[in-house]
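Any read-out appearing in this document is the output of simple, stated calculations on the displayed coordinates, not a laboratory observation. Everything numeric in this text was worked out from a predicted model, so none of it was measured. Here the Cβ positions follow ideal geometry from the backbone for every residue, glycine too, while neighbour counts run over all protein chains shown.
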Amino acid sequence: MSNHPASPRFQPSPRFGRAIRWSSRSVLRATLVFAGILTTLSACSRTSERAGGLAIGVGAIPGSPGYEQVVRGVELAVARLNEAGGAGGAQFTVRLPDSTATSAVRVAQQLRDDPSVIAVVGHPESGNTVEVIPIYADAEHDGANGVVAVSPTASSPRLTGINPWFFRVAPSDAEAARYAARWVLDSLNARKAAIVYRNDSYGRDWAATFARTFTEGQGKVIIRDPYLTGIVEWEAYASLIASQKPDVVLFPGDGDDALALIRALRERNVTVPFVGGDGTETMSTDPDAAGARFVAFFRAERATSVEANSFLPRYRKQFQQEPDMFAALSYDAAIVIGRTVASGARSRTSLRIAMEKIGNGAPSVDGVAGRIAFEKNHDIKGRSVVITRIPGVATAGTGNEENQP
């Protein structure tokens, strides 16, 4: 500014016009620049307000456990939504992470930053979900580009109310563990329990809630030991269980690890009922697990909703197998997103606000696993937990047949 003439008010007459012309151009430039800044700031603050598209993102690491089933569920839901007319005549699409998405964080960044993504189904794992929630919520920019994430199966109690942008359609581990504790007390008449749990937030939280509920019901936890996948001697756990003679073994861990313990128990002819947590459903396809039970958030044979009557035959016809909870609950997550968008919530922020009202003034949404409505903390309302027995002849390590109710 020091290189320009002084204010016209203090200039002699011959320079007055030049000063006025400069001042007008400067004011114009300044006005345009300022308007541009305001437009940019306004656009940033409204990023989550605009509807860039109708893509539903798959929030899962390509190739990770359950990934294929999550994709199947979302794709079938999108097909169902489009058959019903999409949203205002526009069709829904599926947005998959690309080949560079080798971590949960990278998956979340891709989906959040894609303006075509209206919401995300995922992540299926509690640990990854905790890690990426700040990304979906765009915490770095106070939610300016936040996107709703609906997890199909992340169940850690630590996710309850974690962020306004996060919802889930599976009950929390706290609910599952409380149900399991009451079930083994009442249905198995067990009074001494052994808990072998995966040493992470899922296993620790599940074990703690089960132990508390079981003890309150006059049961006694006689073994409560953690394990780390890949560095454990299952023979030692089996020997301890054999020596303590519990009425039931609880196993909040992985399906492969559950099978390893079941086989180790069989080698010692231990015939104690075995109940796995919801993470052990994958063991159900192995003959060695016959007679064991596990906690599940969905079982096809018990699904009777209107949406289930559409989903189940389509899934069976297309994939020649029964859907697991990853497929069914991913379908439910995509359906509640799509139906809410079709009802008028065409931006990321309006979608979040509308979903908060489902079950809190707005009607619930029919899903494969039952009605979908949300608590004020965004947990699913009233979603049931199932304890199911793996068919086949029971063997040592899974409980004698006469002990299976």
**Item:** Förster radius 45 Å - calculated FRET efficiency between ASP256 and ALA79 (Cβ-Cβ, nearest 0.05)
**Value:** 0.90
**Message:** Applying a 10 Å radius around every beta-carbon, put 103-113, 57-67, 143-153 in order of their mean neighbour count, most first.
**Reply:** 143-153, 57-67, 103-113
**Prompt:** When the chain is fully extended, how far beyond the present Cα-Cα distance does ARG268 get from GLU235, taking 0.36 nm per residue of separation?
**Reply:** 11.0 nm
**Table column - 3J(HN,Hα) (Hz), region 347-358, Karplus curve with 6.51, -1.76, 1.60, x for Gly and Pro** = 10, 4, 5, 5, 5, 4, 5, 5, 5, 4, 8, 5
**Request:** Report, by chain and number, residues whose modeled amide H sits under 5 Å from the one on LYS192, excluding near sequence neighbours (fewer than 5 apart, same chain).
**Result:** LYS220, ASP247, VAL248
**Asked** Which whole-Hz ³J(HN,Hα) couplings does region 99-109 yield from phi under the Karplus relation 6.51 cos²θ - 1.76 cosθ + 1.60, θ = phi - 60°, glycine and proline marked x?
**Response** 5, 7, 7, 9, 9, 4, 4, 5, 4, 4, 4
**Prompt:** Tell me which lysines have Cα within less than 16 Å of LYS192's Cα, excluding those fewer than 8 residues away on the same chain?
**Reply:** LYS220, LYS245
**Message:** Suppose the chain between SER364 and THR388 were pulled fully straight at 0.36 nm per residue; how much longer would it get relative to their current alpha carbon spacing?
**Reply:** 6.0 nm
**Message:** Ranking request for peptides 321-332, 337-348: highest mean number of other beta-carbon atoms within 10 Å first, then the rest in descending order.
**Reply:** 321-332, 337-348
**Prompt:** How much length, in nm to one decimal, is gained on full extension between ASP186 and SER103, taken as 0.36 nm per residue of separation minus their Cα-Cα distance?
**Reply:** 25.6 nm
